[in-house]
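What follows is calculated from the coordinates using simple rules that are stated; it is not laboratory data. Quick caveat: nothing in here was measured; it's all calculated off a predicted structure. Cβ coordinates were reconstructed from backbone atoms using ideal geometry, including for glycine residues, and neighbour counts include every protein chain displayed.
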């Protein structure tokens, strides 16, 4: 990214987007490649942050640093959740990944702050084949944020990241993602391909892993953050909002694999299709023969804006134990002309009306996001649907 | 000619939808403080007029002018019109899933306040005012937290329209068959709500099929619309005459 001297040199349209998303000035500079003033150097903020973590024994660093400093942890856990044989893109990632994030929470430690990739030193640019590994030891917990609302461009079109989460006894991992990669132009040209393999293993008893995602970018998204519920009494959760506008395609969902006894999973998926966007929910709820008393609740809602988009669902339920309780609910709705007119007749302009209706539709999922992310995500939703009703 | 007393002035209006002419030779003036009623058989064009005034799309104005508070109404968007002070009580209010009634009411009020360069309403004050108004309309409080009109009975939907009207305090309230589907008790409540909104600085246009509503809301003028034309105007006694004689008494337009 070229180094610029001030925000004045940045494309005004880009700055306008940052403003709408409420991104602070300093962050705007970092995102557009403007040199950061020494006075506001975010590195010093990150340094204090790292100190606090170090006191608690929490490791949060780049993947390459972890390989150097904590090879035993890497060796023990890397590839145990997503082996290189898993799928083509996971294999590609395993072969060529160069960096990513590593996080280790020791026994009994509750990480006191949300960990965000923003605070990783040298996190200026995101790699094509990132690899993230998070290990939560017995009775620990962590909330991890990935991504940001700012539209991200990259000269590389393919992003094939792998994320592995491991939760031991009574541990909790909450992983939230806001993704707004360049989606391509209005005609569908260009745009990032976002093919990610994300999987969590609830290895320990009563462990829990929760995935929350807001996907508004990328030309094509293939993404199925999943949870393997191995430990007895473990819980998996998947909360998702996927927006497709213009010619975007999103094929996303989850796999909840119930292996241990008394395991529970919750799936809440909200898809919004505007323009010619195609949105698909692809989910698997699998209950293995020895998984006694498994419970799953799935709610899969689609919202269509305009006449050209598509919403598709491919829910698969594969149950091999008759004590399982599986619930599935699905709705499909439209923002009708009448609803829009009703809102406008009460003084709200078209944009605000759509934003209000979409936020209402997505509320349940937005409530699962950490606070700062939730506010940004709402603005991002409104922005990604701009011009969806012509 | 400027007349600050005039809220709405329609002159020589002709409106079509596609090839079909829905309204023609329409003239109507509403002054501040007045309540007018427009009656007419089904298909006479009453709802078209109401929706057109609220700036719904799909109508072709072939001729005529409409001035609202001395502005060219036809150049305004629905939200501009609303912020200027025009309210439409819908005949069939839609449901808005996921958006709570209270959030919707507050957003609407704040949008209009913003247009008037007023700050957003204080949340605590707002809740108090809304609850008071709901109590007057005998609306259960839990309707505040349900999605807009979701699972509301017909009567509750109509009362929700009147609740909105009383919160937004429009200069011109157009009520499209607000009485349809209401039982006597609900009708009385709704009428009280409408009457309480009468004011020297505002006007109300009641669109109704039956004269029953006008027993409770006394109009200054009654107009009869038939096949898109205003064929008769008179005072409130005209409504009684229509009731006893029926619409066919009105016969062919003169």
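Here residue A:236 fulfils each of the conditions (1) within 23 Å of residue A:137 (Cβ to Cβ); (2) touching a strand residue (DSSP E or B) at 6+ places or on another chain (Cβ under 9 Å); (3) in a loop (DSSP other than H, G, I, E, B) apart from (3). Does residue B:177 meet the test of being more than 13 Å from the chain's Cα centre (by Cα) and more than 14 Å from every other protein chain (Cβ to nearest Cβ)? So residue B:177 fails the test.
Give the residues of the stretch B:41-58 that are crowded, with 18+ Cβ neighbours inside 10 Å and more than 10 Å from every other protein chain (Cβ to nearest Cβ), sorted by residue number.
Going through the stretch B:41-58, the residues crowded, with 18+ Cβ neighbours inside 10 Å turn out to be B:44-56.
Hits for the stretch B:41-58 are B:44, B:45, B:46, B:47, B:48, B:49, B:50, B:52, B:53.
Filtered by the rule that a residue be surrounded by 23 or more Cβ atoms within 10 Å (Cβ to Cβ) and either under 23 Å from residue A:271 (Cβ atoms) or within 16 Å of the chain's Cα centre (by Cα) (or both), the stretch A:197-213 gives A:197, A:198, A:199, A:200, A:209, A:211, A:212, A:213. Annotation note: of B:38, B:21, the sole residue that is more than 19 Å from the chain's Cα centre (by Cα) and more than 8 Å from every other protein chain (Cβ to nearest Cβ) is B:21.
Filtering the stretch A:369-388 to residues that are surrounded by fewer than 22 Cβ atoms within 10 Å (Cβ to Cβ) and out of contact with any helix residue (DSSP H, G or I) (no Cβ under 8 Å at 6 or more places or on another chain) leaves A:370, A:371, A:372, A:375, A:376, A:387.
Please determine, by comparing only the residues of the stretch B:87-96 that are crowded, with 22+ Cβ neighbours inside 10 Å and facing chain A (nearest Cβ under 8 Å), which one is farthest from residue B:116 (Cα to Cα). Lay out the reasoning, then the answer.
At the first step, the residues of the stretch B:87-96 found to be crowded, with 22+ Cβ neighbours inside 10 Å are B:87-90, B:96.
From the residues that got through so far, the ones that are facing chain A (nearest Cβ under 8 Å) too are B:87-88, B:90, B:96.
On the way: B:87: 16, B:88: 19, B:90: 24, B:96: 26 Å.
Of everything passing the filter in the stretch B:87-96, B:96 is farthest from residue B:116 (Cα to Cα).
In the stretch B:115-125, the qualifying residues are those that are touching a residue at least 12 places away in the same chain (Cβ under 8 Å) and out of contact with any helix residue (DSSP H, G or I) (no Cβ under 6 Å at 6 or more places or on another chain), and the one that is nearest to the other protein chains (Cβ to nearest Cβ) is B:116. For the stretch A:275-286, the criterion of being touching a strand residue (DSSP E or B) at 6+ places or on another chain (Cβ under 6 Å) and without any contact (Cβ under 8 Å) to a residue 12 or more places away in the chain is met by none of the residues. Note on the stretch A:301-336: residues that are more than 13 Å from chain B (Cβ to nearest Cβ) and part of a loop (DSSP other than H, G, I, E, B) amount to 10.
Taking the options B:138, B:131, name whichever one is more than 9 Å from chain A (Cβ to nearest Cβ) and touching a residue at least 24 places away in the same chain (Cβ under 8 Å). It would help to see each step written out before you state the result.
Values: B:131 fails: touching a residue at least 24 places away in the same chain (Cβ under 8 Å).
Among B:138, B:131, only B:138 is more than 9 Å from chain A (Cβ to nearest Cβ) and touching a residue at least 24 places away in the same chain (Cβ under 8 Å).
Looking at this structure, is residue B:23 touching a residue at least 60 places away in the same chain (Cβ under 8 Å), within 21 Å of residue B:238 (Cβ to Cβ) and in contact with a helix residue (DSSP H, G or I) (Cβ under 9 Å, 6 or more places away or on another chain)? Outline the logic, then answer.
Working: touching a residue at least 60 places away in the same chain (Cβ under 8 Å): yes; within 21 Å of residue B:238 (Cβ to Cβ): yes; in contact with a helix residue (DSSP H, G or I) (Cβ under 9 Å, 6 or more places away or on another chain): yes.
It is true that residue B:23 is touching a residue at least 60 places away in the same chain (Cβ under 8 Å), within 21 Å of residue B:238 (Cβ to Cβ) and in contact with a helix residue (DSSP H, G or I) (Cβ under 9 Å, 6 or more places away or on another chain).
Could you look through the stretch A:337-351, keep only residues that are out of contact with any strand residue (DSSP E or B) (no Cβ under 6 Å at 6 or more places or on another chain) and facing chain B (nearest Cβ under 7 Å), and pick out the one that is surrounded by the most Cβ atoms within 10 Å (Cβ to Cβ)? That would be A:347. One residue stands out among those in the stretch B:59-80 that are touching a strand residue (DSSP E or B) at 6+ places or on another chain (Cβ under 7 Å) and within 14 Å of chain A (Cβ to nearest Cβ): the one that is nearest to residue B:7 (Cα to Cα), which is B:68.
Looking only at residues that are out of contact with any strand residue (DSSP E or B) (no Cβ under 7 Å at 6 or more places or on another chain) and touching a residue at least 24 places away in the same chain (Cβ under 8 Å) in the stretch B:97-113, which one is farthest from the other protein chains (Cβ to nearest Cβ)? The selected residue is B:102.
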